[in-house]
Amino acid sequence: MSEVLAGEDFESLWRYYRVSAFRLETQPVYTVAGEQDTLRRYLTGHPQHPADVPYLATWLDQIRQVTAEGRRVERVRIVDEPPTDYQRWERWVGQWNTEAGERIRYLSRAVAESIGLPLAADWWLFDEERVAVMRFDETGRPLGGTVVTDPAVVVQHLAWRDLAIKHSALDEGTAH
């Protein structure tokens, strides 16, 4: 079974998972309105603390809340070599994600390709029972997605999750 995923649908799905949320993040850049100014500031040498960016502050508050409740949030980020400007910024911001309770691992695109990870779309795996596949255009703008509960699809994504974790490394901290 699958259903079309709109932005507001994704938010409610993410908030109401029970145990674990895992994301495979594959895009070299994401064009999200709430990040553009802070990304520009970072790239011009004037980084902005995530708590001062409403979009990021809301995300970090959600991470703190769900992890305080004992739920897990994990992701593997596929990174280009050399990393894109967005990926450099994302890794810098990631230290606050980690501090809030999220576990973030990194995997080079070359290794991801060599081990057979699918890199055409991002996806979240919720509670090991539903997959939210997200699509983006060539500039990283979200195009929507699909929630899939078909057991065969979920099992395949579980295997990809395990493969991504096995070949990736945790970022053990970057000084603020």
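The values are calculated or read from the model by the stated rules, or taken from the named source; none is laboratory data. Keep in mind that this is a model prediction, so the values were computed, not measured. Heads up, the Cβs are rebuilt from the backbone with ideal geometry, glycines too, and the neighbour counts pull from every protein chain shown. The accessibility values were calculated without ligands, DNA or RNA, using every heavy atom of the protein model including side chains. Shrake-Rupley method; radii C 1.70, N 1.55, O 1.52, S 1.80 Å.
Could you tell me what percent of the accessible area of the chain is made up of carbon and sulfur, with a 1.4 Å probe and every protein chain present?
54
What residues qualify as long-range amide H neighbours of residue 136, i.e. H under 5 Å apart, gap of 5 or more or another chain, H built at 1.01 Å from N?
Excluding prolines and chain starts, which carry no amide H, the hits are 143.
Work out the length of the dipole vector of region 25-164 about its Cα centre, built from +1 on the beta-carbon of each Lys and Arg and -1 on the beta-carbon of each Asp and Glu, and round it to the nearest 20 debye.
So the magnitude is around 180 debye.
Compute the long axis of helix 85-100 from its Cα atoms, compare it with the longest principal axis of the Cα atoms of the chain, and write down the angle in degrees, 0 to 90, nearest 10.
Once rounded, the angle reads 80 degrees.
Put a dot 7 Å past each Cα toward the Cβ at residue 137 and residue 158; how far apart are the dots in nm?
In this crude spin-label approximation the distance works out to 3.7 nm.
Between the helical axis of 54-68 and the dominant principal axis of the chain, each derived from Cα atoms, what acute angle in degrees is found, rounded to the nearest 10?
The helix 54-68 is inclined about 50 degrees to the chain.
Can you give the Rg to Rh ratio for region 98-155, taking only C-alpha atoms and Rh from Kirkwood?
1.00
Note down the nm distance, to one decimal, between modelled labels 7 Å out along Cα→Cβ at residue 69 and at residue 129.
Here the answer is 1.5 nm between the modelled labels.
Could you calculate the FRET efficiency of residue 41 with residue 61 from 1/(1 + (r/R0)^6), where r is the beta carbon distance between them and R0 is 35 Å, rounded to 0.05?
The formula returns an efficiency of 0.95 here.
Treating the angle as unsigned and between 0 and 90°, give the value, to the nearest 10°, between the Cα long axis of helix 151-167 and the longest Cα principal axis of the chain.
40
Tell me, what ³J(HN,Hα) does each residue in region 30-37 have, in order and in whole Hz, if you take phi through Karplus 6.51 cos²θ - 1.76 cosθ + 1.60 with θ = phi - 60° and put x for Gly and Pro?
10, 9, 10, 3, x, 9, 4, 5
Decide, for region 18-162, between rounded, prolate and oblate: order the square roots of the alpha carbon gyration tensor eigenvalues as a ≥ b ≥ c, take rounded if a/c falls under 1.5, and otherwise choose prolate if a/b is larger than b/c, else oblate.
In terms of gyration-tensor shape, oblate.
Report, in deg cm²/dmol and to the nearest 500, the calculated mean residue ellipticity at 222 nm for the chain, where each DSSP H run with n ≥ 4 adds -39500 (n - 2.57) and the sum is divided by the residue count.
-12500 deg cm²/dmol
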